[in-house]
C-alpha cells in the first residue's frame, strides 16, 4: 500500500482514479490543482504523486519542476491525455518518473505505481555500512529469466541509495531505464522476438511473465544458451551500467539521444513498445551509447 497524492481537476476523472487506487489498497488524498498539491506535500508524508497535466493555477509540468527542487524524494507519475504529448514529454525530461495514458488507466495505473516505488525500496540495516562505500562493481551473467531483473535492480538501487548518490526520483528513473535495457536484451536480443511476441516491460520485470514464443525459444538452440551480461559500477561521480546480450544486435542509427524526447514515440498508442523503452532510456540517463553491433548498451547517470 502507498500513500498517493492525486492531483486532478476533473471530478469524474478523479473519482475513477481514486476507485482504481483504493481497489489496490492505496491511501488516496485528492486535490484539484498543483498549488493545492504542494500544500499537501508540505503537510503530509506521501509516497507518490499522480498528476494530470492540464490544470488551472499550477499545471502538471510546473508541479513536477517544483517537486524536483523541493520534494525530490517523492516520485511523480503523469496521467496523459490526447493533445498533451509535448507537455508530458517535457515533464518526463524535467523529472517525472513515469506516465499513464488516460485511456489505459484501468490496465496500467497501479502497475506503474508498483514499478516506480519498487526501485527505491532499501534495507535500512545496511544503510550505515553502505554510506561509507566509495566504489562498487557488480558483474552478472543472467540466463533469460525475467524473475532476476527486479532483484538485480533492487540491489543496485540499494547500494546507490546507501551511497547517497542520487535523489530518490533520479534513482527511480535510472532503475526504470535499466529494467527496460535488461528486458529488451532478454526478449528482443537473445531470443530474437518481435515486440508483439514479448510481454510488456512490467509483465517481464515485475511478474516474470513468459509469452508462448519465449517459452518455445527457451527450449531451442542457439537461443536457450544465450545470456545477458550486466556490469554495474557505482562511484561517487557516476552510476554506469553496461548490458550486453548474445544476439545479433540491431540498427542503432535511429536510437534517440539523451535529452531528446520524441513525444509521439512515447504517447502514440501505435508506437512500438521497444521504441517507447528506448526513448525513456535515452531521457532518464545522462549518456546512452551502443556498440557497433547493437547488442550492448551502456547507461550512465552522473552524480552530484
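The values are calculated or read from the model by the stated rules, or taken from the named source; none is laboratory data. All of these numbers come straight from a predicted model, not from anything done at the bench. Here Cβ is always computed from backbone atoms with ideal geometry, including for glycine, and neighbour counts include all displayed protein chains.
Exactly one of these conditions fails for residue 209: (1) within 19 Å of the chain's Cα centre (by Cα); (2) surrounded by fewer than 24 Cβ atoms within 10 Å (Cβ to Cβ); (3) part of a helix (DSSP H, G or I). Give me its number.
The failed condition is (3).
Please specify each residue of region 55-97 satisfying the condition of being touching a residue at least 24 places away in the same chain (Cβ under 8 Å) and at positive phi.
Correct list: 57, 95.
Only one of these is modelled with pLDDT of 95 or more, more than 25 Å from residue 175 (Cβ to Cβ) and outside the structural domain of residue 284 (by TED's automatic domain parsing): 30, 82. Name it.
When all the criteria are applied, what remains is 30.
Just one of 171, 186, 204 is touching a helix residue (DSSP H, G or I) at 6+ places or on another chain (Cβ under 9 Å), assigned to a helix (DSSP H, G or I) and either at pLDDT 90 or above or in the same structural domain as residue 70 (by TED's automatic domain parsing) (or both); which is it?
Every option except 186 fails the conditions.
Report the residue count in region 1-60 for those that are buried (at least 20 other Cβ atoms within 10 Å of the Cβ) and in a loop (DSSP other than H, G, I, E, B).
Total satisfying the criteria: 6.
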